[in-house]
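What follows is one structure encoded as structure tokens, with my remarks underneath.
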Amino acid sequence: MMSPELHIKRKLIGVIEVRFKLVNRTGLLIRSPLAKATIGGADIQPMFIVKNYGKIIKDKQVYEIGEIEVPYIPGSSLKGRIRSLLEIYEGAPLYSSDNEIFIHVRDIAKNWCTDLEHSLDNLFGSPSVDLSKIIKENKELTNEILEKYAPTRLIVEDLYPSEDYVVKLADKGMLTKEAFIEEKTENTIDRITSAANPRTILRVKPDVEFKGNFKMLLYDVDQKLGKIKEYIELLLTGMKLLEDTYLGGSGSRGYGRVKFKNISIILKKPEYYKTGSEEYIIDILEKLKIDRTDSIELLLSRKDEIVNEILNEIKG
């Protein structure tokens with residue numbers, strides 16, 4: 001007799017956007033692959049990309065910026081760093097398939113962290129599930145997957161220098177690659193002979209302002225299981241942990257101190273994606289009479305109000 005056909009359905013009930021500016025308070029190094037390093041250049045270089053800013057209008061003045069070479073922060077680097085900090089913060093179990101690299105991951109096939117309500121994995125993602133195999137071996141787990149599982153919630157985009165920062169450089173006539181970077185010489189000293197082994201590092205100079213956006217997909221199952229508050233708290237906590245540690249390489253030597261600024265929290269309701277009407281884009285902080293803020297602590301202290309406002313808008 002054939003097994004009954006299984007049905008699973010997930011509904012998107014909203015998209016949260018946490019918009020922000022990110023300023024590196026100290027030199028920032030997210031290393032470029034060696035294959036792309038310039039011959040005769042520094043030993044270590046940050047990641048750069050050609051970005052088209054087109055035409056920027058600011059204070060009624062038109063800036064024809066066009067394509068320029070700028071440093072950027074890969075979304076994968078930012079997401080991975082925040083996730084790793086949260087894994088340590090929560091004391092999440094770590095696993096290894098080769099006894100060399102230990103990571104936290106929910107992998108049902110390997111019986112690694114099979115808790116389907118684990119907020120960290122739900123928010124940041126986990127490997128795909130081969131449901132056909134599980135159906136044959138574990139009916140109870142199959143039912144739990146059908147009830148609780150959903151795709152990765154958090155989307156992290158690459159960060160580029162903000163238009164305001166680019167305009168500031170344009171006003172100074174400094175719109176070149178060199179305007180974004182500084183050269184730093186470091187030495188490795190032989191502990192026996194005291195011989196020096198100098199190297200040159202190019203890193204993003206302090207106080208470059210990047211523009212960023214975290215997107216969080218909310219599903220009906222998240223509302224049903226009461227997980228939305230946990231996801232928002234987890235993301236804000238991760239942002240604060242990043243501020244108090246570092247981003248990129250050489251953080252223990254003072255590199256990569258960052259600060260989130262001008263944070264806003266936006267809800268895009270499902271109707272927005274049907275109509276394109278901005279009436280379905282809700283500024284949650286504005287509704288709560290909270291100005292765009294540089295304080296993650298403020299947002300954490302008022303997370304209950306923020307989540308309640310989001311839920312009210314979703315239900316409304």
Please verify whether the stretch 246-253 includes one or more residues that are at negative phi, touching a helix residue (DSSP H, G or I) at 6+ places or on another chain (Cβ under 9 Å), at pLDDT below 95 and crowded, with 17+ Cβ neighbours inside 10 Å. no
Which of the numbered conditions does Ile88 fail, given that it passes all the others? Conditions: (1) at pLDDT 90 or above; (2) in a helix (DSSP H, G or I); (3) closer than 28 Å to Arg10 by Cα; (4) not acidic (Asp, Glu). (3)
For residues in the stretch 57-89 being touching a residue at least 24 places away in the same chain (Cβ under 8 Å) and among the basic types (Lys, Arg), which is surrounded by the fewest Cβ atoms within 10 Å (Cβ to Cβ)? Lys58
If you take the residues in the stretch 177-204 that are under 23 Å from Lys51 (Cβ atoms) and without any contact (Cβ under 8 Å) to a residue 24 or more places away in the chain, which one is surrounded by the most Cβ atoms within 10 Å (Cβ to Cβ)? Ala179
Hey, among the residues in the stretch 205-228 that are farther than 22 Å from Lys261 by Cα, more than 18 Å from the chain's Cα centre (by Cα) and touching a residue at least 60 places away in the same chain (Cβ under 8 Å), which one's surrounded by the most Cβ atoms within 10 Å (Cβ to Cβ)? Asp222
List every residue pair whose Cβ atoms sit under 9 Å apart, with the two residues 6 or more apart in sequence or on different chains, where the first one lies in the stretch 230-242 and is among the polar types (S, T, N, Q) and the second, anywhere, is buried (at least 18 other Cβ atoms within 10 Å of the Cβ) and at pLDDT 95 or above. Thr237/Leu85; Thr237/Leu86; Thr237/Ile296
Of everything in the stretch 154-176 that's part of a loop (DSSP other than H, G, I, E, B) and either without any contact (Cβ under 8 Å) to a residue 60 or more places away in the chain or out of contact with any Lys or Arg (no Cβ under 9 Å at 6 or more places or on another chain) (or both), which residue is nearest to Lys259 (Cα to Cα)? Asp158
Return the residues of the stretch 40-55 that are surrounded by 13 or more Cβ atoms within 10 Å (Cβ to Cβ), modelled with pLDDT of 95 or more and not charged (D, E, K, R); say none if nothing qualifies. Tyr53
Which one is farthest from Val204 (Cα to Cα) among residues in the stretch 251-261 that are in contact with a strand residue (DSSP E or B) (Cβ under 8 Å, 6 or more places away or on another chain) and either small (Gly, Ala, Ser) or in a strand (DSSP E or B) (or both)? Lys261
Of the numbered conditions (1) crowded, with 17+ Cβ neighbours inside 10 Å; (2) assigned to a helix (DSSP H, G or I), Asn143 fails exactly one; give the number of that condition. (1)
How many residues does the stretch 177-205 contain that are under 26 Å from Gly66 (Cβ atoms) and assigned to a strand (DSSP E or B)? 5
If you check Gly276 against the conditions, is it free of Cβ contacts under 8 Å to residues at least 12 places away in the same chain, over 26 Å from Glu163 (Cβ atoms) and either aliphatic (A, V, I, L, M) or out of contact with any helix residue (DSSP H, G or I) (no Cβ under 9 Å at 6 or more places or on another chain) (or both)? no
Candidate set from the stretch 1-20 (those that are assigned to a loop (DSSP other than H, G, I, E, B), modelled with pLDDT of 75 or more and of a type in the set (D, E, K, R)); member that is nearest to Asn262 (Cα to Cα): Lys11
Which of the residues that make up the stretch 288-313 are over 25 Å from Leu225 (Cβ atoms), touching a residue at least 12 places away in the same chain (Cβ under 8 Å), of a type in the set (D, E, K, R) and out of contact with any strand residue (DSSP E or B) (no Cβ under 7 Å at 6 or more places or on another chain)? Glu297
Are any of the residues in the stretch 262-281 more than 20 Å from Ser76 (Cα to Cα), part of a loop (DSSP other than H, G, I, E, B) and polar (S, T, N, Q)? yes
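The values are calculated or read from the model by the stated rules, or taken from the named source; none is laboratory data. Worth saying up front: this structure is predicted, and the values here are computed from it rather than measured. A quick note on method: Cβ atoms are made from the backbone with ideal geometry, for glycine too, and the neighbour counts reach across all protein chains shown.
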